[in-house]
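Contents: one structure, followed by commentary.
The values are calculated or read from the model by the stated rules, or taken from the named source; none is laboratory data. This structure is a prediction, so every number in the text was calculated from the model and none was measured. FYI the Cβ positions are ideal-geometry reconstructions off the backbone, even for glycines, and counts take in every protein chain you see. Surface areas here come from the heavy atoms of the whole protein model, side chains and all, with no ligands, DNA or RNA. Shrake-Rupley method; radii C 1.70, N 1.55, O 1.52, S 1.80 Å.
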Amino acid sequence: MRGRLIVFEGTDGAGKATQAGLMARRLAAEGVSFREIDFPRYGNPFAEPARLYLAGALGAKPGDVSACAASVFYAVDRYASYKEDWGRDYEAGELILANRYTTSNAVHQASKLERAEREAFLSWLFDLEYRRLELPEPDLVVYLDLPVELTERLLRARRERTHTQADIHEQDEAYLRSCRENAREIARDLGWRRIDCSRNGDLRTPEDIHREVWELVRPLTERQ
């Protein structure tokens, strides 16, 4: 009996980790058995190519590395994580809660391409990860949508708070805008459940967003 896979997706700064954490606490409170996973797995050797890419070791701009090449870096980490960590639980019927997944390659890497090329790229990407690597497809993708102006504000605040340097995605506002436009189209075409994380030009509270997310997730917990 296969499990269920719930993915939190969105552009940088949209609150994926926050919502995944809130959902984990909610599931625990509801007595639902689950596993949490997070990509990329920084510190794991299989995630090192993705880390180097984001750090600018392969080019100072996102477009310096092709969509397919960058996607392979992340796919290798995902495949290894499935084999090393959570695959057995998923195959035993466990609910898996993921902060990012194959969907992140769809959001970030397809945005590097001309619109006419994106459909072919997405077909290649999903064939690679879901069929050739035999990774499970999500049962639910929650897409957290946030205007780029708010994304930039949140990313600046996070860098100041953590004293970290922006990666090559976060440094490129035009790229972030392209990612958001691309993601909104993909979310619509693939049936992802889009949640607007802003209201009247400002952020909604994490708790307010969580209440909306829970209504989407709750049906998937009823098999327990």
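Restricting to the range 172-219, and then to whatever is more than 19 Å from the chain's Cα centre (by Cα) and closer than 28 Å to PHE34 by Cα, can you tell me which residue is surrounded by the most Cβ atoms within 10 Å (Cβ to Cβ)?
Restricting to residues being more than 19 Å from the chain's Cα centre (by Cα) and closer than 28 Å to PHE34 by Cα, the top hit is ARG204.
Can you tell me which residues in the range 65-93 are on the phi < 0 side of the Ramachandran plot, assigned to a loop (DSSP other than H, G, I, E, B) and out of contact with any Phe, Trp or Tyr (no Cβ under 7 Å at 6 or more places or on another chain)?
Hits for the range 65-93 are SER66, ALA92.
Tell me, which residue of the range 55-68 that is among the hydrophobic types (A, V, I, L, M, F, W, C) and farther than 15 Å from PRO40 by Cβ is least open to solvent (accessible area, probe 1.4 Å)?
Here the residue is ALA67.
Output the qualifying pairs, or none if there are none: Cβ atoms under 9 angstrom, residues six or more apart or on different chains, first residue in the range 40-69 and free of Cβ contacts under 8 Å to residues at least 40 places away in the same chain, second residue among the aromatic types (Phe, Trp, Tyr) and part of a loop (DSSP other than H, G, I, E, B).
If the second residue must be among the aromatic types (Phe, Trp, Tyr) and part of a loop (DSSP other than H, G, I, E, B), the pairs left are ALA47/PHE39; GLU48/TYR42; ALA50/PHE39; ALA50/TYR42; ARG51/TYR42.
Which residues, taken from the range 103-120, are open to solvent by less than 10 Å² (accessible area, probe 1.4 Å) and either without any contact (Cβ under 8 Å) to a residue 60 or more places away in the chain or out of contact with any helix residue (DSSP H, G or I) (no Cβ under 9 Å at 6 or more places or on another chain) (or both)?
Answer for the range 103-120, where residues must be open to solvent by less than 10 Å² (accessible area, probe 1.4 Å) and either without any contact (Cβ under 8 Å) to a residue 60 or more places away in the chain or out of contact with any helix residue (DSSP H, G or I) (no Cβ under 9 Å at 6 or more places or on another chain) (or both): ASN105, GLN109.
Within 30 Å of TYR90 (Cβ to Cβ), of a type outside the set (Lys, Arg), modelled with pLDDT under 95 and assigned to a helix (DSSP H, G or I) - does that describe any residue in the range 132-153?
no
Which condition breaks for GLY13 when tested against (1) under 20 Å from PRO138 (Cβ atoms); (2) under 14 Å from the mean Cα position of the chain (by Cα)?
(1)
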